[in-house]
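First comes the structure, then the notes that go with it.
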């Protein structure tokens, strides 16, 4: 009976630390691998960086379009801009111009 009591006493002595260590391990694992853990944070940081780059490109494109639209306003009409748009829409050139074709996916500006 002495060995059985010693075994039970040892189990009671180790039960609380084992349970607390298990709980701590659970939280540590989720802190690194969970939905809001350290690994997910690194992925979100890279996604945010990519989104900021995309936003910068979209902003630059929007500003370019705004400049082109402002150049076409009636009170301050830019004749060169108007001629360029008319040629692009009508697909026409002047007799003395040299036309250099480029691939459809490539932008000139």
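Taking first residues from the range 92-109 that are under 24 Å from residue 61 (Cα atoms) and partners that are part of a loop (DSSP other than H, G, I, E, B) and modelled with pLDDT of 75 or more, the Cβ contacts under 9 Å between residues at least 6 apart in sequence or on separate chains come to 108/102.
Based on what the data block shows, is residue 28 modelled with pLDDT of 85 or more and assigned to a helix (DSSP H, G or I)?
So residue 28 fits the description; yes.
The values are calculated or read from the model by the stated rules, or taken from the named source; none is laboratory data. Fair warning: this is a prediction, and the values are worked out from it, not measured in the lab. Methodologically, a virtual Cβ is constructed for each residue, glycine included, from the backbone with ideal geometry; neighbour enumeration extends over all protein chains shown.
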